[in-house]
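The values are calculated or read from the model by the stated rules, or taken from the named source; none is laboratory data. Computed from a predicted structure; not experimentally measured. Cβ: placed from backbone, ideal geometry, glycine included. Neighbour counts: every protein chain shown. Side chains are part of the model used for accessible areas, which takes the heavy atoms of the whole protein and leaves out ligands, DNA and RNA. Shrake-Rupley method; radii C 1.70, N 1.55, O 1.52, S 1.80 Å.
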Amino acid sequence: MTDKRTVFIYQSKAMKQVEEDTYTQFGFACHQLGIELQSTSIPQAKGRIERLNGTVQSRLAADLALTGIETIENANEVLKEWIKKYNRKFAQLADESVFEEKLTPSKKNILLARVTNRKINNGHHIRYHNEFYLPMKNSEEVYFTRGSEVLVIETFNGEIYVNIADKICYTRRLESHELQSDTFDEVVEKKKERRPYIPPQSHPWKLASFKRYLYMQNKKLEDYDRVSA
C-alpha cells in the first residue's frame, strides 16, 4: 500500500479505463517482480503504517532528547541502534519470508530499466534521446510499418531493446540518418525566409510609449519629425 503519488502509480485524465493505464518506472519494476501496487490517500486504509508513524513521532523525538542529540550526523548514528531496539520491542516474526532470492545481474539489468513509448518513423526505425535505432532479430534487421507502437526498454547497463507486438528485439544504433530520401520522398521546396516586420515609431501600438520617452527627454514629437526629415 502506497501513497497516491505519481512515482508509484499514474493514470492520465484521458484514460479512465484500468486496462488503458500505463506503468511508471517504479511500477514497471514491481510488475516484473510480481508485486501488486495499491495506492490510496485515505489514512484509515493504511492503519498499520499510520500507527507506526504515530509511534515513531512520539518516541523518537523523546529518545533523541534524552541522549542529548543536537546534530543530524549524531542522530543518524543513534538511529541505527534505535531501529534495532524498536524492532526487538514491537516487531513480530512473519509466518513465511517475504524476501525473494538475490537477483542475478542479468535479471537486475532488466528490472532496473527505463521504459517509454515511441512510434516507428519513416525509415523503419525509432528515435530515442536524439539517437536513431533500428530493430534487430538474430543479427538481421527487422522492418515495421510506419506508426507502429513501440515500447522502448533502456536497461540498467544502457542497452536499448524494443517491444513491438509483444516481441522483444535488439536494436542497432544508426551512425548517420537522413530525414528524407532523395529517391523515394518528394522534394520539399524551402520556403523563402520572411523578413521580420518592424513597425515604425509612428505606429499606434508604439506611439504612446514613444511619446512618453520623448517627454522624459524634454522633447516633442514635432522635434523628432523635424530631425527625421
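Pairing each residue of the stretch 122-138 that is more than 14 Å from SER148 (Cα to Cα) and without any contact (Cβ under 8 Å) to a residue 60 or more places away in the chain with any residue that is open to solvent by 30 Å² or more (accessible area, probe 1.4 Å) and β-branched (Val, Ile, Thr), provided the two are 6+ apart or on different chains, yields C-beta distances under 9 Å for TYR128/THR116; TYR128/THR171; TYR133/THR171; MET136/VAL142; MET136/THR171. Looking only at residues of the stretch 25-44 that are assigned to a loop (DSSP other than H, G, I, E, B) and touching a helix residue (DSSP H, G or I) at 6+ places or on another chain (Cβ under 9 Å), we find that the one that is surrounded by the fewest Cβ atoms within 10 Å (Cβ to Cβ) is GLU36.
I need the full set of residues from the stretch 103-152 which are of a type in the set (Lys, Arg), under 22 Å from the mean Cα position of the chain (by Cα) and open to solvent by less than 100 Å² (accessible area, probe 1.4 Å), in order please.
Just the residues of the stretch 103-152 that are of a type in the set (Lys, Arg), to begin with: 107-108, 114, 118-119, 127, 137, 146.
Applying the additional criterion that residues be under 22 Å from the mean Cα position of the chain (by Cα) yields 108, 114, 118-119, 127.
Residues satisfying the conditions are LYS108, ARG118.
Of these, LEU60, LEU103, which one is farther than 30 Å from HIS31 by Cα and among the aliphatic types (A, V, I, L, M)? Write out each step before concluding.
Details: LEU103 fails: farther than 30 Å from HIS31 by Cα.
Just one listed residue meets the conditions, LEU60.
For the residues GLU50, GLU81, the requirement of being in a helix (DSSP H, G or I) and exposed (fewer than 10 other Cβ atoms within 10 Å of the Cβ) singles out GLU81.
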